[in-house]
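First comes the structure, then the notes that go with it.
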Amino acid sequence: MNSENLFGECKKIIPGGVNSPVRAFGGVGGTPFFTRRADGCLIKTEDGKTLIDFVCSWGPAIFGHNNARIKNAIMNALENGTSFGTPCARELEMARLITSMVPCAEMVRMTNSGTESTMSAVRLARGFTKRDKIVKFSGCYHGHVDSLLVMAGSGAITFGTPNSAGIPNDFARLTIVLPFNDLQSLENCFKAQGSEIAAVILEPFPANVGLILPKKNYLEKLRMLCSEYGVVLIFDEVITGFRLSSGGAQKLLGITPDLCALGKIIGGGLPVGAFAGKREIMEHLSPSGDVYQAGTLSGNPLAMAAGAEALKMLKELNPYAELKSKADFIVSALKGAAKEKGIALQVPQAESLYSVFFNDEEVSNYDIAMRSSTKLYAKFFNKCLEGGVYIAPSAFEVSFMSLAHSKEYLERAAEVMVGALKSL
Ligand code: PMP
């Protein structure tokens with residue numbers, strides 16, 4: 001069956017035809033392609049096409065798809081069984097890797113997704129502080145957690161539902177939403193309600209509304225305010241963790257949160273999440289403390305094998321300069337073409353992450369991001385896809401680079417992307 005037929009069949013028995021909304025191409029139109037297999041930086045579709053992939057499974061595939069070492073690690077683990085429901089030594093290896101690499105991570109608990117990680121971190125912060133209110137920022141996405149689906153990013157924006165139905169007002173009421181990069185509103189909020197706030201949760205580099213760069217000193221000030229008011233600072237590093245540096249955004253910035261949420265890369269392509277942080281907070285988790293959190297498949301041996309191999313490779317290779325220079329190449333090609341053609345384009349970049357906004361203003365918050373042209377983005381996306389380059393199927397997502405993007409493929413992709421821009 002080709003993608004069109006598969007999608008038609010899926011729509012009959014899977015809501016919207018997909019198991020996660022952004023896959024439906026709602027932001028760019030057309031039928032989503034179905035992937036048959038993926039190797040390195042290439043995706044092969046059920047329609048017999050080969051695409052250069054800059055979505056990389058939305059971040060996990062930092063070494064490219066189907067990496068031989070990760071695959072071997074999974075196969076070795078598979079010999080011993082798929083799930084035990086008891087502790088296993090691989091969990092210790094994973095915990096040691098995370099605590100040795102992530103600055104705030106004195107202790108860590110594994111989960112199965114980013115959503116579970118942010119949900120659990122928020123509950124832990126509430127249990128620890130004995131306070132109920134939390135602060136988030138408009139456009140930040142933290143998974144589909146009830147109290148965090150308020151002015152959320154990612155698919156929630158793409159499909160026009162930043163505030164999901166099904167969230168009781170009584171939950172949403174406890175979530176204070178602030179504009180990112182606005183120091184005054186942050187200070188006002190802390191002055192008025194600081195002693196009632198359990199946690200501030202944020203993506204230190206918001207990457208679910210396109211990419212937004214934090215203004216100078218903004219996060220430093222946030223760190224100081226949280227310490228002053230006894231508020232737990234949670235960095236959601238599901239995207240930035242092990243991507244912006246071997247210790248995530250916190251290591252890159254030199255700002256240590258109290259807790260952080262992890263996912264994507266730490267699973268090596270299998271479904272894994274984790275949250276980690278200061279011992280005095282983490283010890284409040286059940287069974288050592290009174291904040292309940294659990295998972296039948298948490299610490300799964302196959303997932304631990306894949307994730308640990310990925311982290312060991314990151315430690316060995318320290319690939320961050322190389323990843324950044326690959327992103328630099330694409331970003332400068334895009335900026336050059338936009339300038340030449342007189343297109344108002346913003347291409348913010350943080351290490352190997354970048355995004356493309358059709359916007360004449362620098363995008364420093366959600367409101368400005370929303371003023372970008374989604375029409376032009378959809379045209380650009382579809383031109384790229386026609387040319388064999390797959391970028392994020394929404395104007396409000398980022399592009400992911402992998403080590404498997406060789407010079408040859410980067411040059412080919414740049415040519416297609418520049419051609420797409422010039423044709424607009
Ligand atoms: N936090 C961030 C920053 C994310 O980007 C995502 C997913 N894209 C999540 C949390 C949720 O992770 P998951 O989809 O694994 O539940």
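None of the figures in this text is laboratory data; all of them are computed from the coordinates on show. Note that the structure is a prediction, hence the values are computed from the model and not measured. Glycine gets a Cβ as well: all are built from the backbone with ideal geometry, and neighbour counts include every protein chain shown.
Taking the chain as a Gaussian network of alpha-carbon nodes connected by springs under 10 Å, the highest mean-square fluctuation of the residues Ser332, Ser372, Ser394 belongs to Ser332. Let a ≥ b ≥ c be the square roots of the eigenvalues of the Cα gyration tensor of the range 332-422; is it rounded (a/c under 1.5), or, if not, prolate (a/b larger than b/c) or oblate? Note, shape of the range 332-422 comes out prolate.
Amide hydrogen proximity for Met107: with H placed 1.01 Å from N in the peptide plane, the residues at 5 or more positions away or on another chain lying under 5 Å are Gly277, Arg279.
Each of Lys130 and Ser406 was given a label point 7 Å from its Cα along the Cα-to-Cβ line. The distance between the two points is 6.2 nm.
Residues whose amide H comes within less than 5 Å of that of Val232, counting only those at least five positions distant or on another chain, are Ala199, Val200 (H built at 1.01 Å from N in the peptide plane). Considering only Gln250, Gln349, Gln193, give the residue with the highest GNM mean-square fluctuation for the chain, with springs between Cα atoms whenever their separation is below 10 Å. Comparing Gln250, Gln349, Gln193 in a Gaussian network model of the chain, the most mobile one is Gln193. Residue by residue, the range 300-316 carries 3J(HN,Hα) couplings of 3, x, 5, 5, 5, 5, 5, x, 5, 5, 4, 5, 5, 5, 5, 5, 5 Hz when phi is fed to the Karplus relation 6.51 cos²θ - 1.76 cosθ + 1.60 (θ = phi - 60°); x denotes Gly or Pro.
In this structure, the pairs whose alpha-carbon distance is over 28 Å, taken from Lys136/Lys278; Lys312/Lys379; Lys215/Lys379, are Lys312/Lys379; Lys215/Lys379. The stretch between Asn76 and Asp328 holds 87.0 nm of extra length on full extension. This uses 0.36 nm per residue minus the Cα-Cα distance. If you take the square roots of the eigenvalues of the alpha-carbon gyration tensor of the range 40-142 and sort them as a ≥ b ≥ c, do you get rounded (a/c under 1.5), prolate (a/b over b/c) or oblate? Oblate, since a/c reaches 1.5 and b/c is not below a/b.
Principal axis extents of the C-alpha atoms in the range 125-257 (largest first, rounded to whole Å): 38, 33, 27. Amide H contacts for Arg36 (H built 1.01 Å from N in the peptide plane; partners 5 or more residues away or on another chain; cut-off under 5 Å): Lys44, Thr45, Glu46.
Just to be sure I understand: with springs between alpha-carbon atoms less than 10 Å apart, which residue in Asp328, Asp146, Asp290 has the highest mean-square fluctuation in the Gaussian network model of the chain? Its mean-square fluctuation being the largest, the pick is Asp290. Remark: the range 374-380, residue by residue, has Karplus-estimated 3J(HN,Hα) of 6, 5, 5, 4, 4, 4, 4 Hz, where x stands for each Gly or Pro and the curve is 6.51 cos²θ - 1.76 cosθ + 1.60 at θ = phi - 60°. Partner lysines whose Cα lies under 21 Å from the Cα of Lys375, excluding those fewer than 8 positions away in the same chain, are identified as Lys335, Lys339, Lys341, Lys383, Lys422. In this label model, Ala68 and Asn163 are separated by 5.4 nm, measuring between points 7 Å along each Cα→Cβ vector. With contributions of -39500 (n - 2.57) from each DSSP H run of at least four residues, the per-residue ellipticity at 222 nm computed over the chain stands at -12000 deg cm²/dmol.
Each residue of the range 325-339 was assigned a 3J(HN,Hα) from its phi angle through the Karplus curve 6.51 cos²θ - 1.76 cosθ + 1.60 (θ = phi - 60°); the sequence is 5, 5, 5, 3, 4, 5, 4, 6, 5, 5, 4, x, 5, 5, 5 Hz, with glycine and proline shown as x.
Ranked by the mean number of other Cβ atoms within 10 Å of their residues, highest first, the peptides 127-139, 44-56, 355-367 come out as 127-139, 355-367, 44-56. On a straight-distance basis, which aspartates and glutamates could pair with Lys191 in a cross-link, Cα separation under 20 angstrom, same-chain partners fewer than 8 positions away excluded? Within the straight-line limit of under 20 Å, Lys191 reaches these aspartates and glutamates: Asp132, Asp182, Glu220, Glu228.
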